[in-house]
1. Evaluate the distance, in nm, between pseudo-label points positioned 7 Å from the Cα of Lys19 and of Ala64 along their respective Cα→Cβ axes.
2. Once you place label points 7 Å from the Cα toward the Cβ at Asn94 and Glu78, how far apart are they in nm?
3. Give the residue from Ala32, Gly55, Asn87 lying farthest towards the positive end of the charge dipole for the chain; charges sit on Cβ (+1 for Lys and Arg, -1 for Asp and Glu) and the dipole is referred to the Cα centre.
4. Please report, in cubic angstrom per residue, the volume enclosed by the convex hull of the alpha-carbon atoms of segment 1-69.
5. Using the number of other C-beta atoms within 10 angstrom as an exposure proxy, rank Leu70, Leu80, Leu29 with the fewest first.
6. Using Cα-Cα distances under 8 Å and only pairs 6 or more residues apart, what relative contact order does segment 2-94 have, in percent?
7. Using a 10 angstrom cutoff on alpha carbons, build the Gaussian network for the chain and name the most mobile of Ser79, Ser15, Ser52.
8. Could you work out [θ]222 nm for the chain from helices alone, using -39500 (n - 2.57) per DSSP H run of at least four and dividing by all its residues? Round to the nearest 500 deg cm²/dmol.
Amino acid sequence: MVIGICHIDLFIHHSNSLKGKRKVLKTILERAKNRFNVSVAEIGDHDLWQRSQIGVCTIGNENAYVNSVLDKILNFIESLNVAEVVNHRIEIANF
C-alpha cells in the first residue's frame with residue numbers, strides 16, 4: 001500500500017475578503033475531489049485573505065501511480081487559473 005500526501009501553498013490574487021477566498025477554495029476543492037477521487041481540504045492560513053494551504057491525500061498500489069495522480073492534481077489546480085501555486089511538497093509512504 002502506498003499513501004501520497006501533497007501540501008500546496010496557494011496565493012489568491014483577486015481575493016478581497018475571506019468570503020472571496022472561500023469561493024475560490026470551494027471551486028478548487030470540489031473540482032479536485034470530483035475529478036480525481038482524492039481527499040482534499042484546507043489545512044492552513046485560514047484567516048488570511050490571499051493565502052491558503054491545502055492538503056491532498058491519495059492511496060494506491062505503486063509509487064509511480066500515486067506520484068502521477070498528485071502531479072496531475074497540481075497541474076489541474078494551476079490550469080484553473082483562480083489561484084497561483086506558490087509552493088508544494090509531495091510525500092510518499094510505503095506500508
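1. With each label placed 7 Å out from Cα toward Cβ, I get 5.0 nm.
2. Going from the Asn94 label point to the Glu78 one covers 2.8 nm.
3. Of the candidates, Ala32 comes out farthest on the positive side.
4. 76
5. Leu80, Leu29, Leu70
6. Relative contact order for segment 2-94 comes out at 48 percent.
7. Taking springs between Cα atoms under 10 Å, the residue moving most is Ser79.
8. My calculation for the chain gives -13000 deg cm²/dmol from helical runs alone.
Read-outs throughout are calculated quantities, based only on the coordinates presented, and are distinct from any laboratory measurement. Keep in mind that what you see is a predicted model, and the values were worked out from it rather than measured. Glycine gets a Cβ as well: all are built from the backbone with ideal geometry, and neighbour counts include every protein chain shown.
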